[in-house]
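Read through the structure below, which is laid out as structure tokens, and then see the notes.
The values are calculated or read from the model by the stated rules, or taken from the named source; none is laboratory data. Just so it is clear, the structure is predicted and the values come from calculations on it, not from any experiment. Every residue, glycine among them, receives a Cβ derived from its backbone with ideal geometry; neighbour counts consider all protein chains shown. Side chains included, ligands, DNA and RNA excluded: accessible areas come from the protein's heavy atoms. Shrake-Rupley method; radii C 1.70, N 1.55, O 1.52, S 1.80 Å.
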Amino acid sequence: MTARLPALAALALLLAACGGRPDHLAPEDDLSDASWSLVDRDSVAFAFPDDLAGRPAYVTAVYTHCPDVCLATMQQTKRVREALGADAAAVRFVTLTFDPERDRPAVLRQYADVWELGDDWTLATGDPDEVDRLMERLGVRVRVSRSDTLESGAVATLLDHSDLSLLLDADGRVVETYGGSAAPPEMVAEDARALL
């Protein structure tokens, strides 16, 4: 009987491993060691990633004046949510701006309306220094590529930026990084389901 105990213990470990998280979703960066104070599109305080605890989150970074890549990122993210079907309610969707000077809460609210995102999709901005620190931690690189003064006197600025999205587990750890505008919706949805 005692000789069987090690074999049973090994079998239990093997079965637990088979039903666990896929190897490719091992934590890459534990964001729970820090917190960034942001606000959402309704100017309500949003602590990243603290306020995401308990559910996996799909996180993207865009700016609302982007003429190309960010539009594709938003479209792909909507496709991820569609691919999740009924499981979408168990995953948080978060879009962070890296252009907080222009992307104030009211602008993010309009952006959410245009994209028909619904109240369950968080769009967040914040103090420029805080946003810069967060983008640096997430690996989002941003630089001004062009700035023009329009006839009205307004300045139009275009930004070069990283194109990525992140999947966080329920503990605030980055477990996968994707190309934001090219993230395959079915693959992201499958990864997110593995965290539920």
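Before moving on, here are some points about what is shown:
- Dipole of the chain, positive direction: furthest Cα of Thr157, Pro100, Ala86, with charges on the beta-carbon: Ala86
- D by Stokes-Einstein for the chain, Kirkwood Rh over Cα pairs, 10 °C, 1.306 mPa s: 88 µm²/s.
- Were the residues from Ser162 through Asp42 laid out at 0.36 nm apart, the gain over their Cα-Cα distance would be 40.6 nm.
- Two-site label geometry, Ala86 and Asp30: point separation in nm, points 7 Å out along Cα→Cβ: 3.5
- Accessible surface of the chain, 1.4 Å probe: 53 percent of it comes from carbon and sulfur atoms.
- Extent of region 46-148 along its three principal axes (Cα atoms, max minus min coordinate, largest first): 44, 27, 24 Å.
- Estimated FRET transfer efficiency when R0 is 25 angstrom, pair Asp113-Arg143 (beta carbons, to 0.05): 0.30
- Projecting label points 7 angstrom from Cα along Cα→Cβ for Glu130 and Met187 puts them 3.4 nm apart.
- Accessible area in square angstrom per residue, the chain, 1.4 angstrom probe: 52
- Full extension of the chain segment joining Arg102 with Ser152 gains 16.3 nm, where the gain is 0.36 nm per residue of separation less the Cα-Cα distance.
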